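S.K.: Dropping a structure here in structure tokens format, bear with me for questions.
The values are calculated or read from the model by the stated rules, or taken from the named source; none is laboratory data. The structure displayed is predicted, hence computed values, not measured ones. All Cβ positions, glycine included, derive from the backbone under ideal geometry; neighbour counts span all protein chains shown. For accessibility, only protein heavy atoms count, side chains too; no ligands or nucleic acids. Shrake-Rupley method; radii C 1.70, N 1.55, O 1.52, S 1.80 Å.
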Amino acid sequence: MLSVAVLISGTGSNLRALLDAAADPDYPARIVVVGADREADGLAHAEEFGIPSFTVPWRAHDSREAWGAELDEQLRVWEPDLVVLSGLMRLLPPSVVAAWAPRIINTHPAFLPEFPGAHGVRDALAAGVSQTGASVIVVDDGVDTGPILAQERIPVLPGDTEHVLHDRIKPVERRLLIDVVRRIATGEIDLAAARTTAPS
């Protein structure tokens, strides 16, 4: 059984989807702890499912490295097999990536390497593309530059706003994440191999 830590910043919609999936006895992963960089609304999902949680406030630290050191310390209490960034709106410092790689994955609302960064949906609309997507990647020291584990195209429709398009991407993101975690747990995805293989 794969043990998973999930890190969030906001409402935790992907976290909720993972918790629902993991509630199925046949799902081969269990969430052991949820962490946040603030008093995030999504922590309520952990409480509802009886999952321990912790908060490492970003604003309580004078540097990204100091914040990362406390985050790493909290994760080591639980020693998860996998760390999932689920809407965590902070770049992990290199020390944390080095400590946990390649066992850190993240979702992104674009068909990477297209439109990396914090505004993938907005950037896709601004570029006037006819399609965007959702991706699940291994986290590295770059901004959405890690090996791609799964992705799917999503059309951009006439009249789409950032909110409307993002709402259409989110269910695909959740489905991909649930499937990727399952495939990691069953050995279908080898994260160490993925890390050394350039994405196509």
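S.K.: Would you mind telling me which numbered condition in (1) outside any helix (DSSP H, G or I); (2) in contact (Cβ under 8 Å) with a residue 40 or more places away in the chain; (3) surrounded by fewer than 20 Cβ atoms within 10 Å (Cβ to Cβ) ALA134 fails?
M.R.: (3)
S.K.: Kindly establish whether GLY68 is within 15 Å of ILE31 (Cβ to Cβ) and either assigned to a helix (DSSP H, G or I) or modelled with pLDDT under 95 (or both).
M.R.: no
S.K.: Moving on to the next point. Would you please name the residue that is farthest from LEU91 (Cα to Cα), looking only at residues in the stretch 142-174 that are assigned to a helix (DSSP H, G or I) and without any contact (Cβ under 8 Å) to a residue 12 or more places away in the chain?
M.R.: VAL164
S.K.: Kindly evaluate VAL139 against the criterion of being touching a residue at least 12 places away in the same chain (Cβ under 8 Å), aliphatic (A, V, I, L, M), under 15 Å from VAL181 (Cβ atoms) and touching a helix residue (DSSP H, G or I) at 6+ places or on another chain (Cβ under 8 Å).
M.R.: yes
S.K.: Go through the stretch 111-131 and report how many residues are open to solvent by less than 10 Å² (accessible area, probe 1.4 Å) and either free of Cβ contacts under 8 Å to residues at least 40 places away in the same chain or in contact with a Lys or Arg (Cβ under 7 Å, 6 or more places away or on another chain) (or both).
M.R.: 1
S.K.: If you check ASP190, ASP160, ASP144, ASP179, which single one turns out to be of a type outside the set (Ser, Thr, Tyr) and under 16 Å from VAL4 (Cβ atoms)?
M.R.: Criteria check complete, one pass: ASP179.
S.K.: Still on this structure, please answer the following. If you take the residues of the stretch 2-22 that are open to solvent by 30 Å² or more (accessible area, probe 1.4 Å) and at pLDDT 95 or above, which of them is farthest from the chain's Cα centre (by Cα)?
M.R.: Going through the qualifying residues, I end up with ASP20.
S.K.: Within the stretch 51-98, which residues are open to solvent by 50 Å² or more (accessible area, probe 1.4 Å) and under 25 Å from ARG16 (Cβ atoms)?
M.R.: PRO52, SER53, PRO57, TRP58, GLN74, VAL77, TRP78, GLU79, ASP81, MET89, ARG90, LEU91
S.K.: Then there is this: Assess whether PHE111 counts as being outside any strand (DSSP E or B), over 24 Å from ALA192 (Cα atoms) and among the aromatic types (Phe, Trp, Tyr).
M.R.: For PHE111, the condition - outside any strand (DSSP E or B), over 24 Å from ALA192 (Cα atoms) and among the aromatic types (Phe, Trp, Tyr) - is not met.
S.K.: So which of THR161, THR107, THR145 ends up being open to solvent by less than 30 Å² (accessible area, probe 1.4 Å), hydroxyl-bearing (Ser, Thr, Tyr) and farther than 20 Å from GLU79 by Cα?
M.R.: THR107
S.K.: Within 17 Å of SER95 (Cα to Cα), out of contact with any Cys (no Cβ under 8 Å at 6 or more places or on another chain) and crowded, with 19+ Cβ neighbours inside 10 Å: does that describe LEU43?
M.R.: No; evaluated as a whole, the condition is false for this residue.
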